[in-house]
1. Multiply the residue gap between residue 114 and residue 79 by 0.36 nm, knock off their C-alpha separation, and tell me the result in nm, one decimal place.
2. Any chance you could run the full-extension gain for residue 89 through residue 69? It's 0.36 nm times the residue separation minus the Cα-Cα distance, nm to one decimal.
């Protein structure tokens, strides 16, 4: 039954190849918005660079390709003081992509626990935000918030590098 529903969604559903760009950050959802997130941002980003660790929770790699594009010469996130790191022990922020599969649930949780606290968790893509089309699968735990706390959601399948950058800049700009 699930396979039939998945095939109908894939072949008969609307095929949107690219979302309309949202330059005002209207698609950004703040889960724990308020004083706690503002304090975390100001303590982490106050006058220094912010380090990001990307974690794959079971995605299709579409989100990872868009995150990789953030480091190229066109987007160049390092000019904003943001950069990707290889170890969660050096990270201030975690980008989690894809729905969390049962095989990677422990890996995502241990990556979050290895990151120094406070650590901002960003769910990137529809799979990470809601579980996507896989949310009812036997092999998927669900959205990232079912495993670790999420502070920011960036929807899209996958979100473009522009959407990701606008979401990050909007949260950093709102919190001095």
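Please treat every number below as a calculation from the coordinates, not as lab data. Computed from a predicted structure; not experimentally measured.
1. Numbers: separation 35, 0.36 × 35 = 12.60 nm, distance 2.69 nm.
Working it through step by step, the gained length comes to 9.9 nm.
2. Working: separation 20, 0.36 × 20 = 7.20 nm, distance 2.34 nm.
Full extension of this stretch gives 4.9 nm more.
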